[in-house]
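A.B. asks: One structure, as structure tokens, below. Some questions next.
The values are calculated or read from the model by the stated rules, or taken from the named source; none is laboratory data. This is a predicted model, so every value here is computed, not measured. Ideal geometry is used to build each Cβ from the backbone, glycine not excepted, and the neighbour counts take in all protein chains shown. Just so you know, the surface numbers come from the protein's heavy atoms only, side chains and all, with ligands and any DNA or RNA stripped out. Shrake-Rupley method; radii C 1.70, N 1.55, O 1.52, S 1.80 Å.
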Amino acid sequence: MKSTNIYLTSIGTGYDLSNSVFSPDGRNFQVEYAMKAVENGGTSIGIKCKDGIVLACEKIINSKLLVPGKNKRIQTVDRHLGVVYSGLLPDGRHFVNRCREESQSFKSIFKIPIPVPNLLDRIGLYVQNYTCYNSVRPFGIVGIIGGIDDNGSHLYMVEPSGSFWGYSGAATGKGRQIAKSELEKLKFDDLNIKDAIKQAARIISLAHEDNKDKDYELEISWCSKEFTNGKHEFIPIELLEEAKKFAEEDEGDEDEDEEEGEGEGEGEGEDTEMN
Amino acid sequence: MNHDPYYWGRPSDEVYGQYNYNIANAKNVEQHNQNNSNFPKMNTQQPIITGTSVISSKFKNGIIIAADNVGSYGSLMRFNNIERLIKVGSQTIVGISGDISDLQYIQRILDELEIQQEVYDNDGGDFLIAPNVHEYLSRVMYNRRSNMNPLWNSIIVAGFDSEKKPFLRYVDLLGVTYHASTIATGFGSHLAIPLLRNLIPENKDYINVNEEQAKKVIEDSMRVLFYRDARSGEVYSYAVIRLNEETGKIEFEFNKKTKVEDQKWRFAKDIRGYGSTQH
């Protein structure tokens, strides 16, 4: 554990030991600790542009023996819906399964694909429930859900507390600070999806700077009316290579511009096996 | 014997006392006692809106399958826009005749199957192919008939097997399945099969038949069916799935709103019987 003064109000008071118990100043520490688990995970981002959404993640390679290009991290919930998350992987798998169940159940009742906001209403409620009981712990992930429905493209981020917000650009995981400040520079109103893919590759590569000692694999998926017929899919290999090249070239430029250029120091904590 | 229609065939109460449901340890005792009804549970007894034949044939490097777009209510042509060929995955087509509401149910479960097998993470695994789809459907059909609640359909599954050979197989409301190089359901099994077998006398002979030949016989069969099957329609859909032997890729062609061509109705004046007023 880190030095006690950081957690002055939680350690030793007992209010952090149990889920569903407020501290006297109105915080739920278990939820905040869940957020800590997320902060150590590999970076995930989502970009919403006018003609679709792009999801990307920095998949940390823990072992050279892992098969390249397999063990995908971005998952599909329904034809039109994709999810990426940072934090505890098994929690994320369970989260995705629940998303799938909810969208199937919606379809079995209404016979149409679930609209993205409806899915988030349901999944937000589900995640929130895991903050209410002693017998469970909150989800150790932040999930980014993106997709296209009749009302256009949507991008949301769900937190361990169960709250979810709609975003134009969302970032979570270890490199989120850098990723967020890069996302803020994008002009979402006139960003097209192919540029968004390149930006996603660039942002993930920048966000990886603080974690350079570990190898990573870039995963990018998209959902676009024009290119994927509204379906959520991994981007074609050519596009991925192009995006990687773009990110590499951009990185080269930046090294020349500013030698020291460091982001906010967020990654100093102990190395955990989470990603 | 009690002759009241609701109690028909039951021993009469005056002679034998009231029927005791516990005798046979029947599961539905509670139900009977609760709603105070002696009428047994009843499942589908007949189809309501129906689609007529589906016809299909293999050829050297693929398969062709056709079905018209009519939904009949008895002898009334109630709908003329029912699509009875369903694409499942990238290289399989399912042709369904019989009850249309059951068709729609099958369409939904196939969509669910497709999402589970192809849309969810498929980390380099196998994709849905026709034998998978057929096996799945035959399990569903047999299960339903075993529960005495059948889906009232005859189904043809067409596509390619894992060795990229043409695959054509049938399953129906009883859960019966069989394979052949030419398969037709409903009236087509009487009217189209003889024509198809002229082209492909035995199962192995499909390798001598090319796509044009197969397509021509399917067109002829659809015409004959339109002439002689009173539940058929003039507009039909057909699908061709072929293996392009040069590229090794499977090509999928789905044609909708095809019309029965070359109709010659002169034979009709010679028809006798069937309510015809001609002598």
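A.B. asks: Label 7 Å along Cα→Cβ of A:Leu66; the stretch A:79-117 residues with amide nitrogen under 16 Å?
C.D. replies: Label zone hits: A:84-93.
A.B. asks: Under the Karplus relation 6.51 cos²θ - 1.76 cosθ + 1.60, θ = phi - 60°, what is the ordered set of whole-Hz ³J(HN,Hα) values for the stretch B:59-71, x standing for Gly and Pro?
C.D. replies: Per residue, the Karplus-derived 3J(HN,Hα) values read 9, 2, 10, x, 9, 10, 9, 9, 7, 7, 10, 8, x Hz.
A.B. asks: I would also like to ask the following. Using helices alone, I'd like the mean residue ellipticity at 222 nm for chain A: each DSSP H run of four-plus residues gives -39500 (n - 2.57), total over residue count, nearest 500.
C.D. replies: -11500 deg cm²/dmol
A.B. asks: In degrees between 0 and 90, to the nearest 10, how far off the longest principal axis of chain B does helix B:100-114 point, with axes built from Cα atoms?
C.D. replies: The angle comes out near 70 degrees.
A.B. asks: Could you give the dipole magnitude of the protein assembly as shown about its Cα centre, charging the beta-carbon of Lys and Arg +1 and that of Asp and Glu -1, in debye to the nearest 20? Display every interim value, and only then the final one.
C.D. replies: On the way: 63 positive and 83 negative charges, 850 e Å.
Dipole size: approximately 4080 debye.
A.B. asks: So what's the net charge close to A:Val31: Lys and Arg +1, Asp and Glu -1, counting the other residues with Cβ under 11 Å from its Cβ?
C.D. replies: 0
A.B. asks: Compare A:Arg176, B:Arg231 by solvent-accessible area with a 1.4 Å probe and give them largest first, with all protein chains kept in place.
C.D. replies: Values: A:Arg176 25, B:Arg231 90 Å².
If we order A:Arg176, B:Arg231 from most to least accessible, we get B:Arg231, A:Arg176.
A.B. asks: May I ask you to give the solvent-accessible area per residue for chain B, in square angstrom, as obtained with a 1.4 angstrom probe?
C.D. replies: Working: 15980 Å² over 279 residues.
I get 57 Å² per residue for chain B.
A.B. asks: Quick one: Karplus J couplings for the stretch A:149-163, per residue in order, coefficients 6.51, -1.76, 1.60, θ = phi - 60°, nearest Hz, x for Gly and Pro?
C.D. replies: Each residue's phi maps through the Karplus curve to give 9, 4, 9, x, 8, 9, 9, 10, 10, 10, 9, x, 6, x, 7 Hz.
A.B. asks: If you don't mind, another one. Can you give me the P(r) profile for chain B? Cα pairs, bins 10 angstrom wide beginning at 0, each as a whole percent.
C.D. replies: For chain B, the pair-distance distribution reads 6, 25, 28, 18, 12, 9, 3, 0, 0.
A.B. asks: Size of the stretch A:17-126 along its principal axes in angstrom, Cα-based, largest extent first?
C.D. replies: Between the extreme Cα coordinates on each principal axis of the stretch A:17-126 lie 46, 43, 27 Å.
A.B. asks: Something else about it: Which Cα, out of B:Gln46, A:Gly41, A:Pro117, lies furthest along the positive dipole direction of the protein assembly as shown (beta carbon charges, K/R +1, D/E -1)?
C.D. replies: Ranked along the dipole, the leading option is B:Gln46.
A.B. asks: With θ set to phi - 60°, apply the Karplus curve 6.51 cos²θ - 1.76 cosθ + 1.60 along the stretch A:55-61 and write out the HN-Hα couplings as whole Hz, x wherever there is a Gly or Pro.
C.D. replies: The phi angles translate into 10, 8, 8, 9, 8, 6, 8 Hz.
A.B. asks: A further question follows. Pick out, from A:Ile203, A:Tyr130, B:Gly89, the residue whose Cα sits farthest towards the positive end of the charge dipole of the protein assembly as shown, with +1 on the Cβ of Lys and Arg and -1 on the Cβ of Asp and Glu.
C.D. replies: Positive-most Cα among the choices belongs to B:Gly89.
A.B. asks: Then there's this: Longest span of chain A, sites excluded, free of chymotrypsin sites (Phe, Trp or Tyr not before Pro) in DSSP loop with at most 16 other C-beta atoms within 10 Å?
C.D. replies: Result for the longest clean stretch: A:134-275.
A.B. asks: How do A:Thr172, B:Thr277 stack up against each other in accessible area, from largest to smallest, with a 1.4 angstrom probe?
C.D. replies: B:Thr277, A:Thr172
A.B. asks: Still on this structure, please answer the following. Debye calculation, C-alpha points only, no solvent: report log10 I(q)/I(0) for the protein assembly as shown at q = 0.08, 0.10 Å⁻¹, in the same order as the q values.
C.D. replies: Taken in order of the listed q values, log10 I(q)/I(0) reads -0.74, -0.96.
A.B. asks: Once you have all Cα-Cα distances for chain A, histogram them in 10 Å bins from zero and send the whole-percent values.
C.D. replies: 7, 29, 34, 22, 8, 1
A.B. asks: Using only Cα atoms, locate the centre of the stretch B:56-86 and the centre of the stretch B:1-22, then give the distance between them in Å, rounded to an integer.
C.D. replies: 47 Å
A.B. asks: Here is a further query. Pop out the carbon and sulfur fraction of the accessible area of chain B as a percent, whole number, probe 1.4 Å.
C.D. replies: Of the solvent-accessible surface of chain B, carbon and sulfur hold 48 percent.
A.B. asks: Just how far, in whole angstrom, is the stretch A:92-122 from the stretch A:211-235 if you go by their alpha carbon centroids?
C.D. replies: With the stretch A:211-235 and the stretch A:92-122 each reduced to a Cα centre, they are spaced 21 Å.
A.B. asks: Assign unit charges at the C-beta atoms only (+1 for Lys and Arg, -1 for Asp and Glu), then state the dipole size of the stretch A:93-216 relative to its Cα centre in Debye, rounded to the nearest 20.
C.D. replies: Roughly 300 debye, rounded to the nearest 20.
A.B. asks: For chain A, give the percent of accessible area contributed by carbon and sulfur heavy atoms, probe 1.4 Å, rounded to a whole number. Numbers along the way, then the final one.
C.D. replies: Working: 6940 of 13590 Å².
Roughly 51 percent, rounded to a whole number.
A.B. asks: Let me spell out the model: positive unit charges on the Cβ of Lys and Arg, negative unit charges on the Cβ of Asp and Glu, origin at the Cα centre of the stretch B:97-154. What dipole size does that give, in debye rounded to 20?
C.D. replies: Around 460 debye, computed over the stretch B:97-154.
A.B. asks: List the accessible area buried at the contact between A and B, summed over both sides and calculated with a 1.4 Å probe, in Å² to the nearest 100. Working shown, then result.
C.D. replies: Numbers: alone 14100 and 16530 Å², together 29560 Å².
Summing both sides, the interface buries roughly 1100 Å².
A.B. asks: Using alpha carbons only, how many degrees (0 to 90, rounded to 10) separate the axis of helix B:211-228 from the longest principal axis of chain B?
C.D. replies: Between helix and principal axis, roughly 40 degrees.
A.B. asks: Let me ask something else. Can you send over the solvent-accessible area of B:Met1, 1.4 Å probe, protein chains only, in Å² to the nearest 10?
C.D. replies: Accessible area of B:Met1: about 130 Å².
A.B. asks: Please arrange B:Arg144, B:Arg108 by accessible surface area, largest first, computed with a 1.4 Å probe and ligands excluded.
C.D. replies: Reading off the accessible areas and sorting them downward yields B:Arg108, B:Arg144.
A.B. asks: For the stretch B:192-240, what Kirkwood radius comes out of the mean inverse Cα-Cα distance, in Å?
C.D. replies: 11.7 Å
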